[in-house]
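Reading through the structure tokens given below for one structure.
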Amino acid sequence: MKSQEYIAIEEQYGAHNYHPLDVVIERAEGIWVWDVEGKKYLDFLSAYSAVNQGHCHPRLVRALAEQAGRVTLTSRAFRNTQLPLLEKELCDLTGYPMMLPMNSGTEAVETALKAARKWGYTVKRVDHGKAEIIACAGNFHGRSIAVVGMSTQPQYRDGFGPYPAGFRVIPYGDAGALAAAITPNTVAFLVEPIQGESGVNIPPDGYLTRAADICKQENVLFIADEIQSGLGRAGKLFAHHWEGVRADVVIVGKALAGGMYPVSAVLSDREVLGVFKPGDHGSTFGGNPLACAVAREAVRVLVDENLFERSLELGEYFKGRLQRIESDHIKEVRGRGLFIGVELKPEAGGARRFCEALRDRGLLCKETHEHVIRFAPPLVVKQEELDWALEHIEQVLTTL
């Protein structure tokens, strides 16, 4: 079948809740993908940073196949051999004493919110039914009813209310607004150290440090959503490590399984995750042996191949080259590690047409929030491959 035939079938039978670029990918390897006609593309999105290790990494393929031949799902009604090892290895890597496994990023965010509220009632002793959680304008923490209820993006909210109470939204990057918003009922502050979907927004220097200090002073949990920015994407294990901060709760997902399988987790101290008792929270698939085997190998690949360091080094190189491009369309280039956004001026006509032009040249990326092109290649990319991409990016930004 041709690409247009696949597209026509999807348009007829699929719900239209996405607006993808019209490229139909048939196979992938490392940083490259191929469409059904055999055209080769450099992937500069990494499935929204889920494929930090590169597509179909042979170690992950092997781990998936080997575990699939043993046992894939036991549910948490029984124990399995892989979950305890993932728990230990992930805690050893991150320095947190406990983790709770889930599947999607949204599930992990919901888990963190539930843990924070229960911590608030059982540890902080907030009056029952009064717990409040503070989030930031421009946030993207998932698509559940609770999460979109604290979104400031109208499209994410319209038509889905009413929303749960207990959430307050403040400006991103404003530590003073955080301090002013905290009340005796505040149990947590949920923040993305880098806002991805909102345009790869970097907070002001010192913001995360100040926010963490405020939370500590007020006995409020500092929750870092590192689903997209963590595990090397921003050039460090976690993006909030750029300021030397230790979050009370960290949410991870996406690259935790290298794009092989949906795996997410919440990491925290015993005082927080210890509030859960049997039956309080769970998931049939969360912590299943197939997921855990793949996640264990995905984490090992990140460490063994020095992908945190590669992201930092190559990200600085790539961002520096982008900042030297002389284009009337560019308003700002920003990012950390290989997590970079190029914001275009409004008169440029939107980022999508630039992404379509890059696709036609063999480079896949995606617009976010209309005017920002997000660049996030797999962390296994090489400098010469970045150079190839930069040639096409510069030509598109200077000639389109």
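Structure data summary
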| quantity | calculated |
| --- | --- |
| Spatial separation of Cα centroids for segment 5-55 and segment 131-210, in angstrom | 31 |
| Packing rank of 221-233, 256-268, where each peptide gets the mean count of other beta carbons within 10 Å, highest leading | 221-233, 256-268 |
| MRE, 222 nm, helices only [DSSP H, n ≥ 4, -39500 (n - 2.57), over the chain, to nearest 500] | -10500 deg cm²/dmol |
| Relative contact order of the chain, defined on C-alpha pairs under 8 angstrom at six or more residues apart (%) | 23 |
| Segment 284-337: chymotrypsin sites (Phe, Trp or Tyr not before Pro) in DSSP coil with no more than 11 other Cβ atoms inside 10 Å | none |
| Computed label-point distance, nm, for sites residue 37 and residue 114 using a 7 Å Cα→Cβ extension | 4.7 |
| Kirkwood Rh in Å, taken over all unlike Cα pairs in segment 94-225 | 15.2 |
| Volume per residue of the C-alpha convex hull in segment 71-304, rounded to whole Å³ | 123 |
| In nm, spacing of pseudo-spin labels at residue 78 and residue 243 (7 Å Cα→C-beta vector) | 4.7 |
| Length added when fully stretched, residue 3-residue 91, from 0.36 nm per residue minus Cα-Cα | 27.3 nm |
| Cβ-based exposure ranking for 136, 56, in which fewest neighbours within 10 Å come first | 56, 136 |
| Extension gain (nm, one decimal) between residue 15 and residue 394, 0.36 nm per residue minus Cα-Cα | 132.9 nm |
| Extension gain from residue 280 to residue 382, taking 0.36 nm per residue of separation minus the Cα-Cα distance | 32.1 nm |
| Computed E for residue 122/residue 158 - FRET, C-beta separation, R0 45 angstrom, nearest 0.05 | 0.80 |
| For segment 71-304, share of DSSP beta bridges that run antiparallel, in % to the nearest 5 | 40 |
| Packing rank of 10-16, 69-75, 167-173, 238-244, where each peptide gets the mean count of other beta carbons within 10 Å, highest leading | 238-244, 167-173, 69-75, 10-16 |
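No value in this document is a laboratory result; all are computed from the given coordinates. Bear in mind that the values here come from a model prediction, so they are computed numbers and not experimental data. Ideal geometry is used to build each Cβ from the backbone, glycine not excepted, and the neighbour counts take in all protein chains shown.
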